[in-house]
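Below you'll find the structure, written out as structure tokens, and then a few comments.
The values are calculated or read from the model by the stated rules, or taken from the named source; none is laboratory data. All of these numbers come straight from a predicted model, not from anything done at the bench. Every residue, glycine as well, gets a Cβ built from its backbone with ideal geometry; the counts of neighbours run over all protein chains shown. Please note that ligands, DNA and RNA were not included when accessible areas were found on the heavy atoms of the full protein model with its side chains. Shrake-Rupley method; radii C 1.70, N 1.55, O 1.52, S 1.80 Å.
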Number of protein chains: 2
Amino acid sequence: MNDVILNSLSYGMYAIGVKDGEKKSACIANTVIQVANTPNIIAVSLNHDNYSCRCIQRNGLFTVSVLSEDTSGAVIGALGFSSGRDTDKLKNVRHRVLAEGIPVIKENTCCWFLCRVLTSSETATHTVFLAEVIAGSEKAVGKPMTYEYYHRVIKGRAPKNAPTYREEKQTAQEQGGESWICTVCGYVYSDPFVPFEELPDDWVCPICGAPKSAFKRQQ
Amino acid sequence: MNDVILNSLSYGMYAIGVKDGEKKSACIANTVIQVANTPNIIAVSLNHDNYSCRCIQRNGLFTVSVLSEDTSGAVIGALGFSSGRDTDKLKNVRHRVLAEGIPVIKENTCCWFLCRVLTSSETATHTVFLAEVIAGSEKAVGKPMTYEYYHRVIKGRAPKNAPTYREEKQTAQEQGGESWICTVCGYVYSDPFVPFEELPDDWVCPICGAPKSAFKRQQ
């Protein structure tokens, strides 16, 4: 088989909020599904190397904020392409902290809910948490962002820790234009009307916020 | 919280193929995600009452066929709204049987893959299987059907065993037209140009194949 067929699976886009003592953090996941409804139980898969995964293993609580098509790609960049271990990923991201000490993201998100872990299953690289939904917002607004939308419209990529990550061969624009790839998150810049060199010096990657110098030309 | 916010989670649409001795069957699921990639592991949630769930518990093998937007709603009806315990659900559904004795669906599906169960987690109503992808098609074709597309375009409903099932209050068409609901699968007929009474006597529900007599007028 060709692994690429697994790209046919459909997902949404979510911010997973966690706490570590007094510290709050969040990461991005696409692997959230409801697995039962009496009570409401969801599953989410996170890489062992993710700081958020360790936080959930320690205190058994997390939030899910459902991203909408109006959520900026920069929010995904801020939460999805760096580790919360050493940085405050929420510094420039609007959020609210619940009474339980866990943040929910307020960047044009559709809704949020709070989950308590019931059990977890281990794979070699990822932990799959099953968790009961114990609280949440009263309504959902906006159109949920799908993973397909993230790839097609926002032109985002999967970070290396994502369960759906696959090494992709980047190819230069076939229609004559050059393309430049962000070495941090894999975002490809290829606007045929504005050459990369003409972007202002303080331009940053719209996905992960990396500076212009983090981009390299693709062959 | 309002349970309806969980409708903001995004899913695809899949046929899960199973065997029970010599017998082959299949059901419909929306809850399939990839949870790890070295090796490729997926998760799927099935209701304990589903015949397919019992088949997988017994022999640990199943297939996933990814439905596309070109897959007929009638395929979902045939596989999703009756039990394979007593009927041959595959009778009118094009499929191929793998060497392992498990069917894959060939009704304009995008691709298929074969899975071997590694472990499972129980909830009160559903089993969540984690399974390794051990074989699959060489390519994917067509546009994967999302659960949102199934609801919006095919106007399908969740059967009572689905993890995402929620009781819905059916309301009459607000724009003056009548609507009729299939008592088997919940499909709502409300074509403003063709009154329900004028449909031919041999018309059947496009989702589950129930006869015209299985419909009742909505208030």
Check: Looking only at B:ALA124, B:ALA162, B:ALA26, which one moves most when chain B is put into a Gaussian network model with springs between Cα atoms under 10 Å?
Finding: B:ALA124
Item checked: Cα-projected label distance for A:GLU167 with B:ILE134, points at 7 Å along beta-carbon direction, nm -> 2.6
Notebook entry, point to check: What ³J(HN,Hα) values, in whole Hz, does the Karplus curve 6.51 cos²θ - 1.76 cosθ + 1.60 give for the range B:81-86 when θ = phi - 60°, with x put for Gly and Pro?
Noted result: 10, 8, 9, x, 4, 10
Note to self: 7 Å along Cα→Cβ for the label point: how many nanometres lie between B:GLY21 and each equivalent label in the other copies, listed shortest first?
What the structure shows: 6.2
Checklist line | Length added when fully stretched, B:GLU178-B:ARG54, from 0.36 nm per residue minus Cα-Cα | finding: 40.6 nm
Item checked: Vicinal HN-Hα couplings computed from phi for the range A:182-195 (Karplus, 6.51 cos²θ - 1.76 cosθ + 1.60; Hz; Gly/Pro x) -> 6, 6, 8, 10, x, 4, 10, 8, 8, 5, x, 9, 10, x
Item checked: Net charge dipole size for the protein assembly as shown [Lys, Arg +1 and Asp, Glu -1 on Cβ; Debye, nearest 20] -> 780
Check: What does the charge dipole of chain A about its Cα centre add up to, to the nearest 20 debye, if the Cβ of each Lys and Arg holds +1 and the Cβ of each Asp and Glu holds -1?
Finding: 520
Notebook entry, point to check: Do you know the relative contact order of the range A:174-217, to the nearest whole percent, from alpha carbon pairs under 8 angstrom that are 6+ apart?
Noted result: 42
Next item on the list: Given the options B:LEU199, B:LEU46, B:LEU118, state which has the largest fluctuation in a GNM of chain B using a 10 Å cut-off (strictly under) for Cα springs.
Entry: B:LEU199
Notebook entry, point to check: If we hang a label 7 Å off Cα along the beta carbon direction at A:ASP86, how far is it from the matching labels on the other copies, in nm, shortest first?
Noted result: 6.5
Notebook entry, point to check: Of A:LYS160, A:LYS216, which has the most accessible area with a 1.4 Å probe, and how do the rest follow in descending order?
Noted result: A:LYS160, A:LYS216
Item checked: Copy-to-copy label separations for A:PHE196, where each label sits 7 Å from Cα toward Cβ, in nm and ascending -> 6.0
Notebook entry, point to check: Under the classification rounded if a/c is under 1.5, otherwise prolate if a/b is larger than b/c and oblate if not, where does the range B:174-217 fall, given a ≥ b ≥ c as square roots of the Cα gyration tensor eigenvalues?
Noted result: oblate
Margin query: Once you keep just the Cα pairs under 8 angstrom separated by 6 or more residues, what percentage relative contact order results for chain B?
Written below: 21
Item checked: Residue with peak Gaussian network fluctuation, chain B [Cα springs, cutoff 10 Å], from B:PRO144, B:PRO103, B:PRO195 -> B:PRO195
Check: Quick one: with all protein chains in place, what share of the accessible area of the protein assembly as shown is carbon or sulfur, to the nearest percent (1.4 Å probe)?
Finding: 48
Margin query: Going by amide H atoms built from the backbone, whose H comes under 5 Å of the H on B:VAL35, apart from near neighbours?
Written below: B:ILE41, B:ILE42, B:ALA43
Next item on the list: Using a 1.4 Å probe and ignoring any ligands, DNA or RNA, find the accessible area of B:GLU100 and quote it in Å² to the nearest 10.
Entry: 80
Next item on the list: Rounded to the nearest Å, what's the spacing between the alpha carbon centres of the range A:149-164 and the range B:1-70? Just the number, please.
Entry: 23
Note to self: Charges on Cβ only, +1 for Lys and Arg, -1 for Asp and Glu, centred on the Cα centroid of the range B:64-219; of B:LEU130, B:SER82, B:VAL204, which one is farthest towards the dipole's positive end?
What the structure shows: B:LEU130
Notebook entry, point to check: If r is the Cβ-Cβ distance from A:GLU198 to B:GLU22 and R0 is 51 Å, what FRET efficiency results, to the nearest 0.05?
Noted result: 0.15
Next item on the list: Show that you can apply the helix-only estimate: for chain A, add -39,500 (n - 2.57) for every DSSP H stretch of four or more residues, divide by all residues, and state [θ] at 222 nm to the nearest 500.
Entry: -3000 deg cm²/dmol
Notebook entry, point to check: For the range B:7-13, in order, what is each residue's ³J(HN,Hα) by Karplus, 6.51 cos²θ - 1.76 cosθ + 1.60 with θ = phi - 60°, in whole Hz (x at glycine and Pro)?
Noted result: 5, 6, 6, 9, 9, x, 10
Note to self: Which of rounded, prolate or oblate describes the range A:1-136 when judged by the alpha-carbon gyration tensor and an a/c cut-off of 1.5?
What the structure shows: rounded
